[in-house]
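All remarks here apply to the structure that follows.
The values are calculated or read from the model by the stated rules, or taken from the named source; none is laboratory data. Just so it is clear, the model here is predicted, and its values are computed rather than measured. Here the Cβ positions follow ideal geometry from the backbone for every residue, glycine too, while neighbour counts run over all protein chains shown. Protein only, heavy atoms only, side chains kept; ligands, DNA and RNA dropped before computing areas. Shrake-Rupley method; radii C 1.70, N 1.55, O 1.52, S 1.80 Å.
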Amino acid sequence: MSREIRSMRESLPNVLDSYKISKPLFAFILLLFDAILVALIISYVPYTKIDWDAYMSQVEGFLDGERDYTNLKGDTGPLVYPAGFLYVYSIIQFITGGQVYLAQVLFGILYIVNLGIVFFIYLKTDVLPWWALGLLCLSKRLHSIFVLRLFNDCFAMMLLHTSVALLLLEHWYLAMIIFSAAVSIKMNVLLYAPPLFLLMLKGMSIKGVFFALLGAASLQILLGLPFLLFHPIAYISRAFNLGRVFIHFWSVNFKFVPDNVFVSKEFASALLLLHLTLLLVFAHYRWSKHEGGLINLVKSRLSNAVLESSTIQQFFSRKSRFKTPSGELMFVGNFIGIVCARSLHYQFYSWYFYSLPFLLWKTPYLTPLRLILFFGIEVCWNIYPSNFYSSMLLLFLHLCILWGLWISPSEYPYVEERTSQGKEE
């Protein structure tokens, strides 16, 4: 009897896969249904006041001419986001007049636009079976984050997904500009930076990497210029504060860790060391495996830089043997940061939810286990307040996915070259 049940569980995904449905058509249908769902949520589910009033207070101070970041505050505390946040929410205030309902409609549109971009990424990479695209629409928490709480994470992640989509189209320079714009709204996007830099080393010339980084840095300076000119230290220390300590109560992960340990510098340093170690291990043994390791990759790129043409035309038209980026490196790199984050608040789920199906289908696990992991994580994020057991379970599920990514086969990242001898044969 148990064998029959197990056989049925394993065969169900295969039955779904046997039905041939156009993925773009199914994605379009999902978009329509989710748009209707978002409209219903806005109409019938009460708005939850958390940060909106604080955002509007900070924007009002900026629009009134305040350029000292230490004086830009709201009812939930001081402004801690880079300048792009102020520009985006100033536009939102102009459009909505600060009215919550109009802002919800705007965020509902943002939700659908973001979902459309995410669908494009999945259709381009062709990682999921058609039916699994529906998983991207099933999160209660994500709908709440976008249209009931109006967090700035929504705009940051929409721009991040746009950057990933542009990378898939090999528009490296524009992708970096959009990536920098996302960072200017919320710094969590920097979790994607290490794998993005590695992708650039693989797919661009050294000159290309330099100019792409220069463009991204220039945008940060341009956006922050009104504050950098008058109060540079206040701006940099507040907008790019990497040492913030979050309240233990609001943490979804590590709730099983005692409060005094949670806020300690030792715990933060241990997690940072673990984060950097995992990034280096994945970069050396996984992401640079076919180049002979991370050090060999860097050496080969530096040596190739000497041989690259110095003409502008050839520089911008340089063709690489590197395959079109799949987004895997960026999603895995970000997920490593999520696993090692000291505190994950409820809105932080938007940082990696849309990459979960991608990551799960990159593991060698059977589909039933993938679904268990997916819905298990969703359950953990919908338990309020989080507790000892939910945070312990969330960490366990994260580690299961990370292990699956570690043991999964590594794809050869370069286009196979056909020799003239092979053609003659």
* To do: Take L307 and decide whether it is among the hydrophobic types (A, V, I, L, M, F, W, C), under 30 Å from W250 (Cα atoms) and either open to solvent by 30 Å² or more (accessible area, probe 1.4 Å) or at pLDDT below 95 (or both).
  => no
* Structure fact -> Out of (1) touching a helix residue (DSSP H, G or I) at 6+ places or on another chain (Cβ under 7 Å); (2) surrounded by 15 or more Cβ atoms within 10 Å (Cβ to Cβ); (3) modelled with pLDDT of 90 or more, the one P325 does not meet is (3)
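Suppose we keep only residues that are among the hydrophobic types (A, V, I, L, M, F, W, C) and in contact (Cβ under 8 Å) with a residue 60 or more places away in the chain within the stretch 84-104. Which one would you say is farthest from S218 (Cα to Cα)?
Taking the stretch 84-104 first, the residues among the hydrophobic types (A, V, I, L, M, F, W, C) are 85-86, 88, 91-92, 94-95, 100, 102-103.
Still in the list and also in contact (Cβ under 8 Å) with a residue 60 or more places away in the chain: 85, 88.
Details: F85: 17, V88: 18 Å.
In this case the residue turns out to be V88.
Which of the residues belonging to the stretch 40-57 are of a type in the set (D, E), in contact (Cβ under 8 Å) with a residue 24 or more places away in the chain and not in a loop (DSSP other than H, G, I, E, B)?
Let us first name the residues in the stretch 40-57 that are of a type in the set (D, E), namely 51, 53.
Those left that are additionally in contact (Cβ under 8 Å) with a residue 24 or more places away in the chain: 51.
Answer for the stretch 40-57, where residues must be of a type in the set (D, E), in contact (Cβ under 8 Å) with a residue 24 or more places away in the chain and not in a loop (DSSP other than H, G, I, E, B): there is none.
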* Asked: When you scan the stretch 382-402, how many residues do you find that are of a type in the set (V, I, T) and either surrounded by 18 or more Cβ atoms within 10 Å (Cβ to Cβ) or within 18 Å of the chain's Cα centre (by Cα) (or both)?
  -> 1
* **Single unsatisfied condition, F179 versus (1) in contact with a Leu (Cβ under 8 Å, 6 or more places away or on another chain); (2) free of Cβ contacts under 8 Å to residues at least 60 places away in the same chain; (3) farther than 18 Å from Y87 by Cα** => (3)
* **Members of the stretch 149-164 found to be under 13 Å from the mean Cα position of the chain (by Cα), of a type in the set (A, V, I, L, M, F, W, C) and open to solvent by less than 10 Å² (accessible area, probe 1.4 Å), listed by number** => C154, A156, M157, L160, V164
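Against the definition (modelled with pLDDT under 95 and open to solvent by less than 10 Å² (accessible area, probe 1.4 Å)), how does G292 come out, yes or no?
The answer is no for G292.
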* Structure fact -> All conditions in (1) touching a residue at least 24 places away in the same chain (Cβ under 8 Å); (2) open to solvent by 10 Å² or more (accessible area, probe 1.4 Å) are true of L174 except (1)
